[in-house]
Amino acid sequence: MKLLAEQVSKEFLRENRAKGTNSFFAVQETDFALEEGTLTVLMGRSGSGKSTLLNMLGGLSIPSSGRVLLDGNDLYALPDRERSHQRNRHFGMIPQGQTALQSLTVLENILLPYSLYGEEPDADRAEELMQLLDIGSLRDAKPAELSGGELRRTAIARALIRRPAVILADEPTGDLDDENTAAVFRLLKNAAGAGASVLVVTHENDAMQYADRLYRMHAGVLTAE
Amino acid sequence: MAKKISLPLRNLTGKPVRTAVLISLTALLTLTVLAGSIIVSSLRQGLHSLEARLGADIMVVPYEATTKSRLENIVLQGNTGYFYMENALYDKVAAREGVGQISAQLYLASASAGCCSVPVQIIGFDPETDFTITPWIKKSYGKPLADLDIVVGNDLNAFVGDTLTFYGVDCRVAAKLDKTGTSFDTAVFTNQNTIKALIRSSVDRKMNDFQKLDPDKVVSCILINPADGYSVEEVVNDINIHVKKVKAIRTKEMISGISESLSGVSDITVILIAAVWLLGIVILLLAFTMSVNERKREFAVLRVIGSSRGMLASVVLREALTIGVIGGIAGAALALLIVLPFNSLIETQLGLPFLLPAAGTLIALTVAALLIAVLVSALASALSAYRISRLDPAVILRGDQT
Ligand SMILES: Nc1ncnc2c1ncn2[C@@H]1O[C@H](COP(=O)(O)OP(=O)(O)OP(=O)(O)O)[C@@H](O)[C@H]1O
Ligand SMILES: [Mg+2]
């Protein structure tokens, strides 16, 4: 599925004691396309607006202007219920930071996208992902017992479990070693190879070797390279 | 492999201590409201039943009986005792204007000594004129009471067909009355002939406080309802002014002491319940808010994975409802287990007429208490559910990246 952003921007209010409240654009008005079968890498300094753009693309954050189109359909024109269901079916999002549900095991966390809407989980896919990400032995462990990198890989497996058409990964390899970083990028590259539209926000320079397209963000302004 | 994961349940079992505390709290709330309302309604029932059993608006007794405050003890407290006045007084009272239904009763107390099976208050009524006891006995015993047949109160350890001996006279238990929650539960009822025989025998055995008593010539008390068009007040005053050596009393006045302490107990119960509830609801509200706040990030993750706003709210509400149902059932069961088996203990502790409501009412009270428990937990979590459904996942996931 093709994800298209038309003239999207995001404006935030920022409290400032000296100058009072004023607004600024975390993402300046920009067009952006995420094509099927490609892996797009987005780089940029901290605070440049990468996560903000990614959240708008994923239907989690309403743009201050512009539209986000999934195969031509305006994502934010849908009511919340449908937009959420779309996200469940077609999007695999890996947010920044730790995102495991504490009361569930690793395997249950990975299968969660299925159970939200009461669907039959794809156990083989879960098995395969856990092998590839080297967390097979942790299937029954609770998140509290895991390391940061293990939690991160659990989140990646959860995002990929439904073979989503759109993958939005926000620093997916932040706390991984080189070996696991390479494994994750291979996974994402394979997903793109299988037809997914993949966006990876990262600081890793190694990511360039997997990138079909490269963008840079600077103070809310997006530029293609 | 788990197919469908119930998030609310997993969240509850994942935090057993917090869940246990919340369930106990809901149970406590249900317990207080159910136990409290059963006690209050039992007291009301008791008073009601006492009023009904007294059955007459006016009671006329010999003047001496009132001075020793014996009367109230006998009628209300279940103490035993007796007093008498001449028959002639009955005729005088009956002749007064405004007297409608009128009937005399004879009292006797059985001794605890060897002559009698049990020490009880014996009340003899006149089947010809009686309007207070007969309607009530009829419920347990259809026929008129034969001589030497007795009807026993519900608390007495005697059963239909048993023989009880009073002052050497054998009496057959013809019927046992339903529980009234009043002192009548420990009394024995007979017709005039029987009680006269018993009184005679007690005098013969020199076991009566009144020697040379001729039961044919005395009565213990006279029960009166005013005739149509006359107020209780008028009749009471008329008798007190015109008939000497007796005292007419409004039965309402007699039990006003009881109604007062009853409303006192009710008030205290209501205040206690209110205090427990206020505290409980505040704690529940805080607990739900805290438990949801500390999981904000998890809820944001659920949004990322594809939960709608409504689904998040439903997770929170279902957690609360589960707690409400389990806590409610536990609390209601506890309340019934405490109040039902120990109701006679509560009765003696309170020293007030106490009659458990009928099964139907009990069930209704229990269901109401359960509903309240569920409703309160739903309400206590509603705010959290709403706030969680409004959260902005993008904002939540930015903060505190641990
Ligand atoms: N909800 C918000 N309210 C106010 N300001 C915000 C909000 N979200 C983001 N910002 C600001 O917008 C800018 C962009 O934030 P964003 O999270 O997109 O950065 P980023 O490029 O992902 O940075 P990092 O690499 O550190 O993750 C930052 O200056 C941030 O402080
Ligand atoms: Mg970011």
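Report the FRET efficiency, 1/(1 + (r/R0)^6), for B:E128 and B:N79, where r is their Cβ-Cβ distance and R0 is 41 Å, rounded to 0.05.
Calculated value: 0.90.
Bin by bin, in steps of 10 Å, what percent of the Cα pairs in chain A do you find, going until the bin that has the longest distance?
Bins of 10 Å from zero give 8, 33, 36, 19, 4, 0 percent of pairs.
Grab the alpha carbons of the range B:259-402, take their convex hull, and tell me the volume per residue in Å³.
130 Å³
Looking only at B:P135, B:P215, B:P62, which one moves most when chain B is put into a Gaussian network model with springs between Cα atoms under 10 Å?
Most flexible of the set in this elastic network: B:P135.
Between rounded, prolate and oblate, where does the range A:78-159 land on the alpha carbon gyration tensor, with a ≥ b ≥ c its root eigenvalues, rounded for a/c under 1.5, else prolate if a/b exceeds b/c?
Verdict is prolate for the range A:78-159.
What is chain B by shape, rounded, prolate or oblate, if you read a ≥ b ≥ c off the alpha carbon gyration tensor as root eigenvalues and call it rounded for a/c under 1.5, prolate for a/b larger than b/c, and oblate otherwise?
It is prolate, given that a/c is not under 1.5 and a/b is the larger ratio.
Positive end of the dipole of the protein assembly as shown, charges at C-beta (+1 Lys, Arg; -1 Asp, Glu), about the Cα centre: which of A:M43, A:Y210, B:T13 has its Cα farthest in that direction?
A:M43
Restricting to DSSP loop positions (anything but H, G, I, E, B) with no more than 16 other Cβ atoms inside 10 Å of their own Cβ, which GluC sites (Glu not before Pro) remain in the range B:288-377?
B:E294
Is there a quick way to get the dipole size of the range B:79-145? I mean about its Cα centre, with the Cβ of Lys and Arg at +1 and of Asp and Glu at -1; what is the value in debye to the nearest 20?
The calculation lands at about 280 debye.
Picking from B:L54, B:L337, B:L362, which is most flexible by a Gaussian network model of chain B using Cα springs under 10 Å?
Taking springs between Cα atoms under 10 Å, the residue moving most is B:L337.
Given only helices, namely DSSP H runs of n ≥ 4 each adding -39500 (n - 2.57), what is the per-residue ellipticity at 222 nm of chain A, to the nearest 500 deg cm²/dmol?
-9000 deg cm²/dmol
Take every Cα-Cα distance within the protein assembly as shown, group them into 20 Å bins from 0 onward, and report for each bin the whole-number percent of pairs it holds.
Final binned percentages: 16, 30, 17, 15, 16, 6, 0.
Where both partners of a DSSP beta bridge lie in chain B, what percent of those bridges are antiparallel, to the nearest 5?
Once the DSSP bridges in chain B are tallied, antiparallel ones form about 75 percent.
Suppose each label sits 7 Å from its Cα in the direction of the beta carbon; what would the B:S263-B:A368 distance come out to in nanometres?
2.0 nm
Quick one: plug the Kirkwood hydrodynamic radius of the range B:1-109 (C-alpha pairs) into Stokes-Einstein at 10 °C, 1.306 mPa s, and report D in µm²/s.
Once the numbers are plugged in, D ends up at 80 µm²/s.
How large is the charge dipole for the range B:18-112, taken about the Cα centre, if only the Cβ atoms of Lys, Arg (+1) and Asp, Glu (-1) carry charge, to the nearest 20 debye?
That gives a dipole near 480 debye.
Which residue, B:L145, B:L43, B:L286, tops the fluctuation ranking in a GNM of chain B built on C-alpha contacts under 10 Å?
B:L286
If each DSSP helix of 4+ residues adds -39,500 (n - 2.57) and the sum is divided by the residues in chain B, what number results at 222 nm, nearest 500 deg cm²/dmol?
That comes out to -18000 deg cm²/dmol.
Of all the stretches in chain A, which is the longest one without any exposed loop site, taking trypsin sites (Lys or Arg not before Pro) in a DSSP loop (any state but H, G, I, E, B) with at most 10 other Cβ atoms within 10 Å?
Answer - A:20-225.
What are the ³J(HN,Hα) values, in whole Hz, obtained from phi via the Karplus relation 6.51 cos²θ - 1.76 cosθ + 1.60 with θ = phi - 60°, for each residue of the range B:232-244 in sequence order, with x given for Gly and Pro?
Along the range B:232-244, the couplings run 4, 3, 4, 5, 4, 4, 4, 5, 5, 7, 9, 10, 7 Hz.
With point charges of +1 on the Cβ of Lys and Arg and -1 on the Cβ of Asp and Glu, referenced to the Cα centre of the protein assembly as shown, which listed residue (A:A126, B:L145, B:A380) lies farthest in the positive direction of the dipole?
Of the candidates, B:A380 comes out farthest on the positive side.
HN-Hα J couplings of the range B:162-170 from phi, Karplus 6.51/-1.76/1.60, θ = phi - 60°, integer Hz, Gly and Pro as x?
These are the phi-based 3J(HN,Hα) values: 5, 10, 10, 10, 10, 6, x, 9, 7 Hz.
With contacts defined as alpha carbon pairs under 8 Å and 6 or more residues apart, what's the relative contact order of the range A:48-144 in percent?
Relative contact order for the range A:48-144 comes out at 22 percent.
Quote the Stokes-Einstein diffusion coefficient, in whole µm² s⁻¹, for the range B:53-253, based on the Kirkwood radius over alpha carbon pairs, a temperature of 20 °C and a viscosity of 1.002 mPa s.
This corresponds to a translational diffusion coefficient of 126 µm²/s.
Just how far, in whole angstrom, is the range A:117-196 from the range A:1-77 if you go by their alpha carbon centroids?
The two parts, judged by their Cα centres, are 25 Å apart.
Write down the percent of antiparallel bridges among all DSSP beta bridges whose residues are both part of the range B:53-253, to the nearest 5.
Around 75 percent antiparallel, to the nearest 5.
Farthest toward the dipole's positive end in the range B:53-253, which of B:I123, B:F184, B:G81, given Cβ charges of +1 (Lys, Arg) and -1 (Asp, Glu) about the Cα centre?
The Cα lying farthest towards the positive end belongs to B:G81.
Pop out the ³J(HN,Hα) list for the range B:363-368 in order, Karplus 6.51 cos²θ - 1.76 cosθ + 1.60 with θ = phi - 60°, rounded to Hz; leave Gly and Pro as x.
For the range B:363-368, the Karplus-derived couplings read 4, 4, 4, 5, 4, 4 Hz, x marking Gly and Pro.
The numbers here are math on the coordinates, done by the rules we state, and not lab data. The shown structure was predicted, so the numbers you read here are calculated from the model rather than taken from an experiment. Backbone-built Cβ (ideal geometry, glycine too); neighbour counts: all protein chains shown.
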